[in-house]
Amino acid sequence: MAERVSVRHDLERIPLTSPSSTSGLLEVFRRRYLLRLLVRREIQARYAGSTFGLAWSYINPAIRFATFYVVFGLILGRGLNQENFAIHLFAGMVIVHFFTETVTSGTRSLISNRAVVQKMAVPREMFPVASMLVSLYHTIPQLVILTIVCLATGWSPDAEGFAAAFLGFLIILVLGTALGLLFAAANVLFRDFGRIVQTFMNMVPFTTPMMYPFVLVADLGVQFGEIWPRLYMLNPVAEAVLLIQRGFWVTTVSNKEEELGQAFPDDLWSRGFIMFGACLVLLVVGQLVFSRLEKTVPERL
Amino acid sequence: MVTSIVVDNVSKQFRLQYHRTIKQMAMAKVRSQQISDKFWALDGVSFEVEQGESIGLMGLNGSGKSTLLKLVSGVMQPDQGTVLTRGRISGLIATGAGFHQQLTGRENIYMNAAILGMTEDETNEKFDDIAAFADVGRFMDTPVGNYSSGMFARLGFSVAVHVDCDIFIADEVLAVGDRPFKKKCLARMQEIRESGITLFYVSHAAGSVKKMCDRVIVLEQGRVGYDGDVEEGIKYLHYDGSDDEPDAEEDLDEELASDI
């Protein structure tokens, strides 16, 4: 007969612990393997049964860009008075999509994984984090399309631009995870929350300078008072959109120096770092709230 | 001996919500009806389990068995008291958890095993055993959405009984699967028991509890009504057929149990 379990696992040295204790987000990193499988499952399941499979991840954004190009580049082109406006819009769209996808799927994540949440003691932070990673994965094809169109229009990228785009992604990554955590727990306790979040997510694209040039934001101040552009710029998503435009759009225009002066705030970088710090604080807050709320999650699901 | 599970004065309260929408709640307030109510699913439950013991957890429907299992497995946290466990917990509690209809049997095995706490190497090593036990043949690489319900359940069971755990919780053992598979499951449970794993077995079937367990805990409306010897426990519950006709399922269970 096999050796007894208590000897094999040297159980006398393992302490008695509470079976439900976890260390939050840190636990998620400790169970990377499960996280990887969860992310892979979502990615595989999305295109399961479709013949084109992953190609859809390229087709959809490509067609979206083509539409932007026709509408904003050819039809409205002159009226907007902004060079390569389709790229201006598409670059912002990539990061705004990443944000809204992360938050909406994160909000639903506990409920859609209720079969696991109700049965096994896994760290529940796992599910919003997995939602964020799945959304991040789906931005890759969009970045590929963005790079192709930039190259096609004549791209002269610079290192500062790449760093800016990277910071933009970092801000959204942290912010999306923080809001995903908060909203996922809130959505279990109060089911209408998901719908409220959805409503606000529909507004997000309009609160960032991508469908209109940044100069219009400065005009807000002239028209309605100095406070408005300041409030506008408190939105981390708007900051992230500006950062990714710094990386992609502005490096394709012919009057780059001029646009650098008028299409971005002077303090783009310092704002970016402060926003990033604020998002990290929000993540800590999100974790604390999640830990408090998750105790009642399994019975309320 | 090593203590495996400590349940100390544990209580768990649930809330009954009578109304769903704000409108209904407002109406109830106006009519001064109760909007919600609380009840204790578990009330001051205490016991200790030594490593290697096998406990039969019995009780009528709604007596708190599932809630107790969820507290021991760590899914829920008690409102009062403490639950402590030693080592890795697995069992027939999360069979098929994380299964995705569109993914293949193979992919789902890896997923479910990871949820139960197995590492990648461990799953690779045991994969052949798991596949052989599930016995779904060439369906292994097709989406589980196409499986028959029995095959689906077998796949979940096989993963659960192959986890290298210290505490094994079994809730839904004889609920699904055909006769040969049930037999195989019970035989495997005996193996688990003999290897010194703490077994926590929930069942209404007196026959299999007799075969499987060396101690019975009976829950009555959230309290421990009886804790001790198996025969006595079954008598305590009147599950020994003393006051009514033994039903057909019981017979089948007796038969199965004696097959092992």
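Values for this structure:
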read-out: Residue match in the range A:104-121 (condition: free of Cβ contacts under 8 Å to residues at least 40 places away in the same chain and on the phi > 0 side of the Ramachandran plot); value: no
read-out: Residue satisfying all of: in the range A:115-137; over 10 Å from the mean Cα position of the chain (by Cα) and not hydrophobic (A, V, I, L, M, F, W, C); nearest to the other protein chains (Cβ to nearest Cβ) among these; value: A:Lys119
read-out: Any chance B:Val6 is surrounded by 14 or more Cβ atoms within 10 Å (Cβ to Cβ), over 15 Å from the mean Cα position of the chain (by Cα), within 10 Å of another protein chain (Cβ to nearest Cβ) and within 29 Å of B:Glu191 (Cα to Cα); value: yes
read-out: For B:Ser149: the one exception among (1) surrounded by fewer than 20 Cβ atoms within 10 Å (Cβ to Cβ); (2) within 9 Å of chain A (Cβ to nearest Cβ); (3) of a type in the set (Gly, Ala, Ser); value: (2)
read-out: Some residue of the range A:184-194 being of a type in the set (S, T, N, Q), over 22 Å from A:Val289 (Cβ atoms) and either assigned to a helix (DSSP H, G or I) or at pLDDT below 95 (or both); value: no
read-out: Tabulated pairs, the range B:183-196, first away from chain A (no Cβ under 11 Å) and touching a residue at least 12 places away in the same chain (Cβ under 8 Å), second charged (D, E, K, R) and surrounded by fewer than 22 Cβ atoms within 10 Å (Cβ to Cβ), C-beta under 7 angstrom, 6+ apart or interchain; value: B:Lys183/B:Asp259
read-out: So B:Met140, is it more than 10 Å from chain A (Cβ to nearest Cβ), hydrophobic (A, V, I, L, M, F, W, C), within 14 Å of B:Ser158 (Cα to Cα) and touching a Lys or Arg at 6+ places or on another chain (Cβ under 8 Å); value: yes
read-out: Whichever residue in the range B:109-122 is within 9 Å of chain A (Cβ to nearest Cβ), of a type outside the set (A, V, I, L, M) and buried (at least 18 other Cβ atoms within 10 Å of the Cβ) and, among such residues, is farthest from B:Met151 (Cα to Cα); value: B:Gly117
read-out: Every pair of residues 6+ apart whose Cβ atoms lie under 7 Å, when the first sits in the range A:13-26 and is more than 10 Å from chain B (Cβ to nearest Cβ) while the second is outside any loop (DSSP other than H, G, I, E, B) and of a type outside the set (Lys, Arg); value: A:Gly24/A:Gln287; A:Gly24/A:Ser291; A:Leu25/A:Gln287
read-out: Subset of the range B:32-64 [in contact with an Asp or Glu (Cβ under 8 Å, 6 or more places away or on another chain) and of a type in the set (Phe, Trp, Tyr)]; value: B:Phe47
read-out: Listing of helices (runs of 4 or more DSSP H) fully contained in the range B:134-220 that carry 3 or more residues being modelled with pLDDT under 90 and farther than 22 Å from B:Gly56 by Cα; value: B:149-161
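Residue by residue, here is whether (1) surrounded by fewer than 23 Cβ atoms within 10 Å (Cβ to Cβ); (2) under 30 Å from A:Phe190 (Cα atoms) holds:
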residue: A:Val70; (1), (2): yes, no
residue: A:Ile87; (1), (2): no, no
residue: A:Phe99; (1), (2): no, yes
residue: A:Val103; (1), (2): no, yes
residue: A:Thr107; (1), (2): no, yes
residue: A:Ala115; (1), (2): yes, yes
residue: A:Arg124; (1), (2): no, yes
residue: A:Met132; (1), (2): no, yes
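So that you can scan it fast, the table gives a plain yes or no per residue for (1) crowded, with 20+ Cβ neighbours inside 10 Å; (2) hydrophobic (A, V, I, L, M, F, W, C):
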| position | (1), (2) |
| --- | --- |
| B:Ser158 | yes, no |
| B:Cys165 | yes, yes |
| B:Ser208 | yes, no |
| B:Met212 | yes, yes |
| B:Arg215 | no, no |
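The values are calculated or read from the model by the stated rules, or taken from the named source; none is laboratory data. Worth saying up front: this structure is predicted, and the values here are computed from it rather than measured. For neighbour counting, all protein chains shown are included, and Cβ atoms are generated from backbone atoms with ideal geometry for every residue, glycine included.
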